[in-house]
Amino acid sequence: MTVQSIIASEKSIVLFDGVCNLCNEAVNFVMRRDPDKNFVFASLQSGIAQELLQYFSKDSKSFDSVVLIKNNQLYKKSRAALEMTRQLKGAWFLLYIFVIVPPFIRNFVYDIVARYRYKWFGRKEVCPMPTPEERERFLEM
């Protein structure tokens, strides 16, 4: 699978910090609320994530932001999270109302959580392996 074919697919691509407990729980949260399997995932530490970020000319060494690639657009930080809520089953789409909050305020809060996420939620030594059922939802090269 090439970067261009991944981006051209109709799937929304979520790149996340694979060793962050909070980030892994967020991925599980999204998967449970995405029965149509609109989202696919890759750890920011993976080769495919690095290639996707390079395709969009973004820093591929920073693992402090969730990234969403949807409809050939890249979203980071709070905007990525808000865009994801729009596709989840249930009333989660209502959280999108926070898009009216100026990005510098949303991202200030996001950056605080990102900075302390390992301290508050812990981290893993390595990215956890998805279960066989989840494996189809994760990108590989």
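Read the figures in this text as sums done on the coordinates, not as results from a lab. No experiment lies behind these values; they were computed from the predicted model shown. So basically every Cβ, Gly included, is an ideal-geometry build from the backbone, and we count neighbours across all protein chains shown.
Please state which one of ALA49, ALA42, ALA114, ALA81 is over 28 Å from GLN4 (Cβ atoms) and small (Gly, Ala, Ser). Even if it seems obvious, please write down each step before you answer.
Values: ALA49 fails: over 28 Å from GLN4 (Cβ atoms); ALA42 fails: over 28 Å from GLN4 (Cβ atoms); ALA81 fails: over 28 Å from GLN4 (Cβ atoms).
None of the others qualify; the one that does is ALA114.
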Just checking, how many residues over segment 11-59 are more than 18 Å from MET84 (Cβ to Cβ) and free of Cβ contacts under 8 Å to residues at least 12 places away in the same chain? 4
Here is a check on your reading of the model: is VAL27 assigned to a helix (DSSP H, G or I), β-branched (Val, Ile, Thr) and within 16 Å of ALA114 (Cβ to Cβ)? yes
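When you go through LEU44, LEU22, LEU82 one by one, which is the residue that is under 16 Å from GLU140 (Cα atoms), surrounded by 15 or more Cβ atoms within 10 Å (Cβ to Cβ) and not acidic (Asp, Glu)?
Values: LEU22 fails: under 16 Å from GLU140 (Cα atoms); LEU82 fails: under 16 Å from GLU140 (Cα atoms).
It is LEU44.
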Please go through (1) crowded, with 18+ Cβ neighbours inside 10 Å; (2) on the phi < 0 side of the Ramachandran plot; (3) in contact with a strand residue (DSSP E or B) (Cβ under 9 Å, 6 or more places away or on another chain) for SER9 and return the number of the only condition it doesn't satisfy. (1)
Every residue in segment 103-141 that is touching a helix residue (DSSP H, G or I) at 6+ places or on another chain (Cβ under 8 Å), outside any helix (DSSP H, G or I) and at negative phi, please. ARG123, LYS124, PRO128, PRO130, GLU134, LEU139, GLU140, MET141
